[in-house]
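J.: Take this structure first; my questions come after.
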Ligand code: NGQ
Ligand code: ZN
């Protein structure tokens, strides 16, 4: 089969905007050739961008978004939110998970995410016994991604203890737990499903949940040799204090000293770091997995963005608890948090003349692709054919040239600007509509209805 050829007035290539670009898409769902040659090709639109990877998701939490915004009796915090989240998680089974995730993934595609990293720890029945098959919950996510047409990096998550002191899992945490052997067997079984739209990696829930010996054992296993490795780290001050008390080091400091952290690693949140830890993460080439809307919602704190970028640090964005599902909103909050704190503007742009929108979009593409473990995130031959076509008729993009398009996309207004979306060479969103959005939304509403009633 021959390549399909498209044309973009302006395409965001790895070196920046390029005018009059020919974009060839192979039958294998990858970009074939991308060049400026004249000739044929169907016009895509004015501004064409690579699809954005979402490097951190707990899909089930989509269905409880907005249900934890009422003040409780005591001081509300991350830890009280977690109790609400656990109560909700306890009612989600494979059918509900599949319906919720499919809806979430449709929303992600429409917002411009074409790959999602699922940090998945809801493994077993609520009483801790396994489903049949044991990977039923993982397979629900695989099915949901296939239905929606989004790329999935599935990160089965190891979760063993309820705190740094090694206490056993609480009743509500029992369904998260695995012994190391059973966990590695799960990873192996899931690997068999891998393909262009599914990659399997590994997540360690957090230093709170994974004892040192288990961490070493997993990292030494054959299945952990090549794949992406994700971990929640230093999100809350309480976690930093507990880590200091038990391991005599701060979480990021401890991890850098005890694990072979490198470019395969995604350090999710990494909110509370010293200057030295910040430089250390950057030097290792790890990706900081930033989830600014969730971090704001949960009262986590602000990442040391300026210092990290100056040290050459890599980052990507995730929607985590899904109180917002939009790469634009994540990037806005990332920048605005810094502006509010420093009382300066244009913080992410570190050199005179640099654009904040372009800097952040490019950084999040690169870090997100690394964290996904898939060749994507670039309009380049060989990369998976994931692209977004912006709505050039939208008022927010009126009279914008290439040099101002990304800043306007990221910062101007609230109308959705992503008009068409392709993932893996397939059109999944055309004229703002996902190919199967009505049926998926109906199944979602049913599932949430059952969860709220039960
Ligand atoms: C999670 N979410 O695993 O879903 C966590 C909360 C925890 C965020 N940290 C639970 N945003 O960290 O123990
Ligand atoms: Zn998380």
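J.: Which FRET efficiency value, to the nearest 0.05, is calculated for residue 73 and residue 132 with the Förster distance at 25 angstrom and r the Cβ-Cβ distance?
T.: E between residue 73 and residue 132, to the nearest 0.05, is 0.05.
J.: Now a separate question. Given axes a ≥ b ≥ c from the Cα gyration tensor, I'd like to know whether segment 372-454 is rounded (a/c under 1.5), prolate (a/b larger than b/c) or oblate.
T.: The shape class here is oblate.
J.: Now, a different point. How large is the Kirkwood hydrodynamic radius of segment 6-154, counting all unique pairs of alpha carbons, in Å?
T.: 18.2 Å is the Kirkwood radius here.
J.: If I stretch the segment between residue 257 and residue 241 completely, what's the gain in nm (0.36 nm per residue apart, minus their alpha carbon distance), one decimal?
T.: In short, 4.0 nm is gained.
J.: Round to the nearest 0.05 the FRET efficiency obtained for residue 171 and residue 336 when R0 = 30 Å and r is the Cβ-Cβ distance. Walk me through the numbers before you get to the answer.
T.: Details: r = 39 Å, r/R0 = 1.31.
With R0 = 30 Å, the Cβ-Cβ based efficiency is 0.15.
J.: May I ask what percent, to the nearest 5, of DSSP beta bridges between residues of segment 222-307 are antiparallel?
T.: 0
J.: Here's a follow-up. Arrange the peptides 385-398, 69-82, 141-154, 27-40 so that the one whose residues have, on average, the most other Cβ atoms within 10 Å appears first.
T.: The most tightly packed comes first, giving 141-154, 385-398, 27-40, 69-82.
J.: Hey, what did the chain get for relative contact order, percent, Cα under 8 Å, at least 6 apart?
T.: Here the relative contact order equals 21 percent.
J.: Still on this model: In square nanometres and to one decimal, what's the mean projected area of the convex hull around the Cα atoms of segment 269-324?
T.: Orientation-averaged projected area of the Cα hull: 3.4 nm².
J.: When a/c reaches 1.5 or more, the comparison of a/b and b/c decides; with that in mind, is segment 245-383 rounded, prolate or oblate per its Cα gyration tensor? Display every interim value, and only then the final one.
T.: Details: a/c = 1.43, a/b = 1.15, b/c = 1.24.
It comes out rounded by the Cα gyration axes.
J.: Okay, next question. How would you rank 317-328, 116-127, highest first, on the average number of other Cβ atoms within 10 Å across their residues?
T.: Descending packing order for the listed peptides: 317-328, 116-127.
J.: With a/c under 1.5 counting as rounded, go ahead and sort segment 246-295 into rounded, prolate or oblate using the C-alpha gyration tensor (a ≥ b ≥ c being the square roots of the eigenvalues; past the cut-off, prolate if a/b is larger than b/c, else oblate).
T.: It is oblate, given that a/c is not under 1.5 and a/b is not larger than b/c.
J.: As a test, work out the antiparallel percent of DSSP beta bridges whose residues both lie in segment 176-319, rounded to the nearest 5. The partial results should precede the final answer.
T.: On the way: 1 of 16 bridges.
Taking every DSSP beta bridge with both residues in segment 176-319, the antiparallel ones total about 5 percent.
J.: Against the empirical 2.2 N^0.38 Å scaling, what ratio does the C-alpha Rg of segment 192-319 come to? Working shown, then result.
T.: Values: Rg = 14.5 Å, N = 128, 2.2 N^0.38 = 13.9 Å.
Scaled against compact globular proteins, the figure is 1.04.
J.: So, one more: By how many degrees, between 0 and 90 and to the nearest 10, does the Cα long axis of helix 78-89 differ from the longest principal axis of the chain?
T.: 90
J.: Explain nothing, just the number: relative contact order of segment 31-136, from Cα pairs under 8 Å at least 6 residues apart, as a whole percent.
T.: Over segment 31-136, the number comes to 42 percent.
J.: Dimensions of the chain along principal axes (Cα, Å, largest first)?
T.: Cα extents, longest axis first: 65, 48, 46 Å.
J.: Can you tell me the Rg and Dmax of segment 132-174, counting just the alpha carbons, in angstroms?
T.: Cα radius of gyration and Dmax of segment 132-174 are 14.5, 42 Å respectively.
J.: Expressed in nm², what is the orientationally averaged projection area of the convex hull enclosing the Cα positions of segment 1-80?
T.: 9.4
J.: Please give the calculated 222 nm ellipticity per residue for the chain, where each DSSP H segment of at least 4 residues contributes -39500 (n - 2.57) and the sum is spread over every residue; nearest 500 deg cm²/dmol?
T.: Mean residue ellipticity at 222 nm (helix-derived): -11000 deg cm²/dmol.
J.: Right, something else. Report the extension gain between residue 404 and residue 345 in nm, rounded to one decimal, defined as 0.36 nm multiplied by the number of residues separating them, less their alpha carbon distance.
T.: 19.5 nm
J.: Could I ask something else about it? When the Cα centres of segment 232-259 and segment 359-390 are compared, how far apart do they sit, in Å?
T.: So the two Cα centres are separated by 31 Å.
J.: May I pose another question? At what distance in angstrom do the alpha carbon centres of segment 419-445 and segment 38-90 lie from each other?
T.: Centre-to-centre (Cα) distance: 17 Å.
J.: Any chance you could give the angle, 0 to 90 degrees and rounded to 10, that helix 327-342 forms with the longest Cα principal axis of the chain?
T.: 70
J.: How far is it, in nm, from the label point at residue 83 to the one at residue 43 when both lie 7 Å from their Cα along the line to the Cβ?
T.: A separation of 6.0 nm, rounded to one decimal place.
J.: Of the beta bridges DSSP finds with both residues in the chain, what % are antiparallel, to the nearest 5?
T.: Roughly 40 percent of the DSSP beta bridges within the chain come out antiparallel.
J.: Please determine, in degrees from 0 to 90 and to the nearest 10, the orientation of helix 437-453 with respect to the longest principal axis defined by the Cα atoms of the chain, where the helix direction is its Cα long axis.
T.: 20
J.: Mind jotting down the three principal axis lengths of segment 192-250 based on Cα atoms? Whole angstrom, largest first.
T.: 43, 22, 14
Only the coordinates and a few stated rules stand behind these numbers; no lab work does. For clarity, every value in this text was computed on a predicted model and none was experimentally measured. Note: ideal-geometry Cβ built from the backbone for every residue, glycine included; neighbour counts use all protein chains shown.
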